[in-house]
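Notes to accompany the following structure.
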Amino acid sequence: MIRIAEPDFAQVDWDEWRTPLLQFSQASGLVVSAYDIAGARQLGPLLSTRTARFLGTSSLWQDDGPGTAVERRIVAGMAAGQANTEELFHGMRICSLPLTRAGERYGALVFGWCMRDFSSPMACEQLAALTGVAGHALWNAVRLESPLTDARLATYRELLRTLAGSLDRQRDTIDELNRVSRTRDLFLATVSHEMRTPLSALSMRVDLLLHTLQDMAPALQASLLAMRVHVRQEAAMVEDLIDAARTLTGTMSIERLPVSLGRIVRDAVSTVETSAIEKRIVFSITPANYGDHIQIDADPRRLQQVLWNLILNAIKFTPPGGSVGLNIASDFDGVRIRVHDSGQGIAPQDLPHVFGAFTLQSHANASGLGLGLYIARRIVELHGGAITVASAGKDLGSSFTIYLPGAAPPSLLD
């Protein structure tokens with residue numbers, strides 16, 4: 001059973017709220033704060049008016065201040081399931097909106113802190129005494145600002161609701177995409193490993209039958225040989241799935257060691273040259289020594305896998321009587337290995353997608369999952385290199401070039 005963890009609402013990126021809330025505060029003249037559902041202020045208070053900035057120098061919004069106590073009480077009500085609330089604090093309006101993701105409240109926005117009606121010097125003196133500022137200075141700030149009417153408050157509330165809803169929907173979408181991605185990666189890795197074991201057992205049993213049964217009927221032998229081919233094809237696809245899973249989850253790794261490039265090329269060619277002979281394809285390698293003179297730090301098995309895949313693809317997509325070539329060149333910058341063919345080519349619109357996962361050619365690819373080039377690119381990148389593709393178009397062949405940095409130049413090795 002595959003389990004995927006639900007989004008962790010405790011890990012909210014509150015910084016993403018800062019810019020939109022600051023813009024809202026500046027446009028509306030309201031003080032805005034963001035709280036998590038536990039009642040801790042995560043952002044704010046954002047102050048944009050003269051009165052708000054003056055009160056910001058007081059004890060009003062300090063951790064133990066009276067304004068903070070009011071806001072925390074409002075947030076506690078939100079956590080208990082209350083709807084939007086409004087309170088008055090010495091004539092100042094304070095409102096709130098819940099923050100919801102995936103149907104669950106994870107915080108609240110508290111906003112307002114503007115006078116409901118035109119204030120008086122006496123009311124300002126009382127508020128100033130409570131917050132530790134000069135009453136006449138507070139009055140000088142308050143008397144120059146208009147009250148927050150019901151109509152304006154309703155407009156600002158809807159604007160903030162729209163803003164918060166947009167940010168929450170965006171985060172919901174990102175969470176869902178991440179969940180789907182984790183599910184896909186875990187499913188791919190799990191299924192790949194579960195398929196490998198029975199295929200290995202089946203392959204061993206087929207080989208055992210072929211080697212131990214005496215005087216086997218021709219029809220039975222032909223069936224077992226065909227079965228062995230199919231099992232090996234399935235096993236190869238499972239290995240591709242496992243490598244793709246490792247690539248998607250970032251767990252693919254390589255083990256580098258000093259090795260002759262010629263050894264890697266020879267091992268790769270030996271596994272596919274029979275296919276070229278069967279299709280009467282002219283296969284050439286330049287230089288003739290297969291790159292024996294080039295020493296690299298690489299994972300031989302993985303790099304052989306890349307070359308094997310490129311050469312086999314070239315043979316697969318080249319018609320009988322065509323040609324496939326492998327060219328090796330090195331300099332002080334590194335080594336370049338080019339595999340080219342006279343085959344079906346690649347349409348211009350398909351070139352950007354060649355290295356994508358599960359990408360199949362439109363024809364002549366009856367087997368496989370379209371993962372070979374996707375895996376090859378990742379292996380080359382793990383070596384610090386790059387792989388590119390070029391094609392003049394349909395039926396004009398194609399070429400793949402691998403660049404690996406740091407190869408020792410031939411002049412130093414001859």
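The values are calculated or read from the model by the stated rules, or taken from the named source; none is laboratory data. Please read all numbers here as calculations on a predicted model, not as lab measurements. Virtual Cβ from ideal backbone geometry, glycine too; neighbours counted across all protein chains shown. The accessibility values were calculated without ligands, DNA or RNA, using every heavy atom of the protein model including side chains. Shrake-Rupley method; radii C 1.70, N 1.55, O 1.52, S 1.80 Å.
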Go through (1) touching a residue at least 60 places away in the same chain (Cβ under 8 Å); (2) outside any helix (DSSP H, G or I); (3) within 23 Å of residue 159 (Cβ to Cβ); (4) of a type in the set (Val, Ile, Thr) one by one and return the number of the condition residue 51 breaks.
(2)
Would you call residue 328 of a type in the set (A, V, I, L, M, F, W, C), touching a Pro at 6+ places or on another chain (Cβ under 7 Å) and surrounded by 19 or more Cβ atoms within 10 Å (Cβ to Cβ)?
yes
Within the range 253-265, how many residues turn out to be basic (Lys, Arg) and either over 37 Å from the mean Cα position of the chain (by Cα) or more than 21 Å from residue 375 (Cα to Cα) (or both)?
1
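Residue by residue through the range 287-298, note down the ones that are out of contact with any helix residue (DSSP H, G or I) (no Cβ under 8 Å at 6 or more places or on another chain) and in contact (Cβ under 8 Å) with a residue 12 or more places away in the chain. Full working, then the answer.
Initial filter on the range 287-298 (out of contact with any helix residue (DSSP H, G or I) (no Cβ under 8 Å at 6 or more places or on another chain)): 287-288, 297.
Correct list: 287, 297.
How about the range 265-285: which of its residues are part of a loop (DSSP other than H, G, I, E, B) and in contact with a Pro (Cβ under 9 Å, 6 or more places away or on another chain)? So that I can check it myself, show each step before the final result.
Quick first cut of the range 265-285, residues part of a loop (DSSP other than H, G, I, E, B) only: 271-272, 279-281.
279, 280, 281, listed by residue number.
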Do you know which residues across the range 118-145 are under 52 Å from the mean Cα position of the chain (by Cα) and of a type in the set (Asp, Glu)?
145
Name the single residue, out of those in the range 101-139 being in a loop (DSSP other than H, G, I, E, B) and of a type in the set (Gly, Ala, Ser), that is modelled with the lowest pLDDT.
102
If residue 27 passes every condition in (1) within 25 Å of residue 143 (Cα to Cα); (2) among the small types (Gly, Ala, Ser); (3) open to solvent by less than 30 Å² (accessible area, probe 1.4 Å); (4) not in a loop (DSSP other than H, G, I, E, B) but one, which one does it miss?
(3)
A careful count of residues in the range 209-252 that are open to solvent by less than 80 Å² (accessible area, probe 1.4 Å), within 17 Å of residue 381 (Cβ to Cβ) and not in a helix (DSSP H, G or I) gives 3
List pairs: first in the range 307-326 and within 19 Å of residue 402 (Cα to Cα), second assigned to a helix (DSSP H, G or I) and of a type outside the set (A, V, I, L, M), Cβ under 6 Å, 6+ apart or cross-chain?
309/372; 315/275
Out of curiosity, is residue 293 assigned to a helix (DSSP H, G or I) and more than 19 Å from residue 380 (Cβ to Cβ)?
no
Search the range 280-303 for residues being under 39 Å from the mean Cα position of the chain (by Cα) and open to solvent by 50 Å² or more (accessible area, probe 1.4 Å), and hand back the single one that is nearest to residue 354 (Cα to Cα).
301
In the range 153-182, the residues that are open to solvent by less than 80 Å² (accessible area, probe 1.4 Å) and basic (Lys, Arg)
157, 171
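For the range 101-120, which positions are within 15 Å of residue 12 (Cβ to Cβ) and surrounded by 18 or more Cβ atoms within 10 Å (Cβ to Cβ)? Explain how you work it out, then say what you get.
First pass over the range 101-120, keeping only residues within 15 Å of residue 12 (Cβ to Cβ): 101-102, 104-109.
The answer is 106, 107, 108, 109.
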Take the range 121-144 and flag every residue that is open to solvent by less than 60 Å² (accessible area, probe 1.4 Å) and in contact with a helix residue (DSSP H, G or I) (Cβ under 8 Å, 6 or more places away or on another chain).
124, 127, 128, 131, 133, 134, 135, 137, 138, 141, 142
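Can you name the residue in the range 54-88 that is touching an Asp or Glu at 6+ places or on another chain (Cβ under 9 Å) and in a helix (DSSP H, G or I) and, of all such residues, is most open to solvent (accessible area, probe 1.4 Å)? Full working, then the answer.
Taking the range 54-88 and keeping what is touching an Asp or Glu at 6+ places or on another chain (Cβ under 9 Å), we get 61, 70, 73-75.
Applying the additional criterion that residues be in a helix (DSSP H, G or I) yields 70, 73-75.
Numbers: 70: 10, 73: 125, 74: 6, 75: 0 Å².
In this case the residue turns out to be 73.
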Go through the range 181-194 residue by residue and tally those that are at pLDDT 70 or above and over 17 Å from residue 250 (Cβ atoms).
1
Filtering the range 147-168 for residues that are closer than 13 Å to residue 112 by Cα and among the hydroxyl-bearing types (Ser, Thr, Tyr) leaves a count of 3
